[in-house]
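Here's the structure we're looking at; comments come further down.
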Amino acid sequence: MIPTSFFDRDVVSAARDLIGATLVVDGTVGGTIVETEAYDQQDPASHSFKGATARNAAMFGEPGRAYVYRSYGIHWCLNFVCEAPGNASAVLIRAIEPTLGLNVMATRRGLADIRKLCAGPGRLTQALGITGAQDGCRLDAPPFRLEPAGASSQIVVGPRIGITRGAETPWRFGLAGSRFLSARFPVDARPGDP
């Protein structure tokens, strides 16, 4: 089990180190984290950039908690809060390789293509059954279970996607060669630290 202390550090290191970790929700669905993005309070793309609001309150709280928000009023997005309270940093979980509860996830998503079940933040939360009800929940207690990555994995690093401000910041991390990423990394994406 990944302890909450794992998240009490800089968000970029946490985002990188989450690649290869296992995320399980409600003990029934989940898989291997293959893509993340980091956001901190100094980042113009971050929800916390302009300060605390009712929507982003979890980001300003204790590390090791979920920050779940609705994107464009349509999709839920799952983030893991990092750093000391008040620093308002979080890791967006962009994609997992589904390994547990495939039938449940396929039913929730209404499709059978395993590669698209959890490839993208909105797809991932729909497949895992994540909603605003999990906002602020501890990551070391039900409904969540996080297991650390096993052997070190080759990680690729590139610019974040789906944003307009701060898009050039290379805070997107992915498992090299994964078929389950939300989008390919640029050809010139550099390898990250293992």
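Starting from the stretch 23-38, keep only residues that are on the phi > 0 side of the Ramachandran plot, then list their pairs with residues that are outside any strand (DSSP E or B) whose Cβ atoms are within a distance under 6 Å, requiring at least 6 positions of separation or different chains.
Sorted first by the residue in the stretch 23-38, then by its partner, the pairs are Asp26/Pro143.
Looking at Ser71 and the list (1) surrounded by fewer than 16 Cβ atoms within 10 Å (Cβ to Cβ); (2) within 15 Å of Gly30 (Cβ to Cβ), which single condition is not satisfied?
Unmet condition: (2).
Considering (1) crowded, with 19+ Cβ neighbours inside 10 Å; (2) of a type in the set (S, T, N, Q); (3) over 15 Å from the mean Cα position of the chain (by Cα), say which one Thr125 fails and leave the rest.
Looking at each condition in turn, Thr125 falls short on (3).
Taking the stretch 113-133 only, how many residues are among the charged types (D, E, K, R) and either in contact with a His (Cβ under 9 Å, 6 or more places away or on another chain) or in contact (Cβ under 8 Å) with a residue 60 or more places away in the chain (or both)?
So the answer is 2.
Residues that are over 22 Å from Asp8 (Cα atoms): list the strands (runs of 3 or more DSSP E) wholly contained in the stretch 117-182 that include at least 2 such residues.
The qualifying strands (runs of 3 or more DSSP E) are 155-158.
Quick one: count up the residues across the stretch 134-163 that are under 19 Å from Gly73 (Cβ atoms) and in contact (Cβ under 8 Å) with a residue 40 or more places away in the chain.
Total satisfying the criteria: 3.
Any chance you could count how many residues in the stretch 124-183 are modelled with pLDDT of 95 or more, aromatic (Phe, Trp, Tyr) and under 21 Å from Val81 (Cα atoms)?
Residues that pass the stated criteria total 2.
Filter the stretch 139-187 down to residues that are in contact with a helix residue (DSSP H, G or I) (Cβ under 9 Å, 6 or more places away or on another chain) and of a type in the set (Phe, Trp, Tyr) and give me whichever is surrounded by the fewest Cβ atoms within 10 Å (Cβ to Cβ).
Per the criteria, the residue is Phe180.
The values are calculated or read from the model by the stated rules, or taken from the named source; none is laboratory data. Please read all numbers here as calculations on a predicted model, not as lab measurements. Reconstructed Cβ throughout: ideal geometry from the backbone, glycine too, with neighbour counts over all protein chains shown.
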